[in-house]
1. Quick one: which of 66-78, 134-146, 360-372 comes out on top by average Cβ neighbours within 10 Å, and what's the full order, highest first?
2. Mean separation of Cα pairs under 8 Å and 6+ residues apart, divided by the residue count of the stretch 227-284: what relative contact order is that in percent?
3. Return, for the Cα atoms of the stretch 227-284, the radius of gyration and Dmax in Å, separated by a comma.
4. Suppose we keep just the alpha-carbon trace of the stretch 49-169; what are its Rg and Dmax in angstrom?
5. Of the listed peptides 218-230, 345-357, 155-167, what is their order by residue-averaged count of other C-beta atoms within 10 Å, with the highest listed first?
6. Excluding SER245 itself, what net charge comes from residues whose Cβ is under 13 Å from its Cβ, given Lys and Arg +1 and Asp and Glu -1?
7. Report the charge-dipole magnitude of the stretch 227-284 in Debye, nearest 20, computed about the Cα centre from +1 at each Lys and Arg Cβ and -1 at each Asp and Glu Cβ.
8. I want to check the label-to-label distance for LEU56 and GLU253. Put each point 7 Å from Cα in the C-beta direction and report it in nm to one decimal.
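Throughout, read-outs are computed from the coordinates displayed, never taken from laboratory work. Source: prediction; values computed, not measured. Every residue, glycine as well, gets a Cβ built from its backbone with ideal geometry; the counts of neighbours run over all protein chains shown.
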Amino acid sequence: MLKRAGRIQILIWCCAGVIAAGVVGAGAPAGAVWQNESEQEADGDQPSVHVEKTALRECVVLMQGGREVTGLLVSHSEDEVVLRIEGIETRFSGNLVRTIRILPPLIERYENMRRLIKDSDLDGRTLLAEWLRAREQYELAMGEVDAVLARDPFHRQARELHSWLKIQMDLLSKQRVMDERDESLSGPSGAERFSQRVDARRRFPLLKPEEINLIKVYEVDLQRPPRIIIRRETIDRMIRLHASSHLIPSTSEGRDALFRKRPEEVLELMFKLQARELYREVIIRDHPPAIQRFRSDVHARWLMNACSTEQCHGGAEAGRLQLYNQKINSDQTVYTNMVILDRFRLADGTPLINYAEPARSPLLQMALPRDVSLYPHPDAARTRGSRGWSSVFRSTEDKGFEDAVAWISGMYRPRPEYPIDYEVRPPPDPKTGEAEDIEKLER
């Protein structure tokens with residue numbers, strides 16, 4: 001496995017030599033970025049699949065000390081270089097960067113690597129598919145995997161990768177179907193719905209499917225393990241990256257035994273190693289129990305009905321706390337709102353959720369009648385057609401209140417900090433039509 005892992009790296013470097021990539025200094029103008037002008041034809045049984053396009057180009061940053069870092073170039077100036085690495089924006093001081101080498105377009109590198117691999121080299125093609133997967137080119141990766149399985153239906157690595165890709169592509173496909181459905185609706189009502197959805201998204205970026213999955217990893221309950229998928233390549237990387245840990249067996253027999261462990265046992269080992277760089281490669285098929293409770297007992301039961309209406313935290317008068325109130329049953333809406341609640345702070349810095357004493361959480365206290373609340377809900381202006389604010393719970397003995405306490409108590413502790421960049425864009429000012437400055441939530 002280790003030899004095969006190195007093999008794809010050799011192919012990548014070979015292709016880097018075939019095509020000269022552009023090099024720009026850390027403070028060079030954007031016009032110096034390398035651009036591809038060649039078009040090359042594919043041959044063999046290489047799949048003809050749409051390549052997902054991105055505005056960001058992959059690059060290799062050479063640091064002053066000789067270390068190289070690869071990622072998507074978000075921005076660069078004399079003072080700072082920003083790369084997106086594994087979905088996380090990472091900043092480097094400009095005086096520490098020697099050069100930025102812009103890599104050729106992904107499709108060109110893929111085609112050059114593909115020409116170096118024979119159609120019958122199934123292991124090589126599977127490794128190439130893994131390279132595409134790491135760059136979120138799921139359709140192209142699936143094309144390679146399908147071609148491998150057509151020749152060998154029992155190819156283990158290809159089958160594992162096929163399962164992983166199918167889950168990711170299904171999640172993305174569901175989102176596209178919802179977009180196309182709304183856009184295709186005829187008549188004023190359809191156009192209005194589509195306009196409202198686009199406007200809501202402009203104000204509220206939703207969590208991506210891979211970010212939702214990452215939250216599931218952090219919140220997983222290993223005492224009640226869900227369906228988990230961890231590919232052999234991920235276990236192999238875990239062994240290589242953490243070989244010096246006493247938790248990794250020193251013998252080849254012991255390391256081989258790791259590949260036979262149940263997925264939840266492997267994930268538990270990852271947690272002990274704190275191998276956070278691998279969490280994104282783990283697929284959790286089910287919702288953790290605590291999040292499922294939030295979804296059914298909080299989000300669906302009262303949060304959307306009482307707190308996320310257009311007259312409250314879902315409309316233009318929402319104030320600093322605004323919840324997303326479109327497609328309320330979708331995973332993206334549920335997880336996005338949960339992250340907002342988790343990270344929101346009152347004006348004095350008090351968290352909206354008190355994980356140490358859930359019943360004292362401002363989120364729940366503000367849903368109680370003002371005369372019995374530790375954090376009385378502020379006065380809300382009464383708008384036309386609304387009754388103004390009213391309490392959600394009658395008392396702390398209310399079943400809904402107790403269910404909400406159970407949700408907070410069930411979240412994993414000590415509380416993790418999800419490595420997710422998320423920004424909340426406040427609604428436009430009803431007087432000026434302009435949005436306030438973006439409020440960045442703490443990570």
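1. Per-residue mean Cβ counts within 10 Å order the peptides as 134-146, 360-372, 66-78.
2. Reported as a whole number, the value is 56 percent.
3. 10.4, 30
4. 16.8, 52
5. 155-167, 218-230, 345-357
6. It works out to a net charge of +3.
7. It works out to roughly 120 debye.
8. The modelled label-to-label distance comes out at 4.6 nm.
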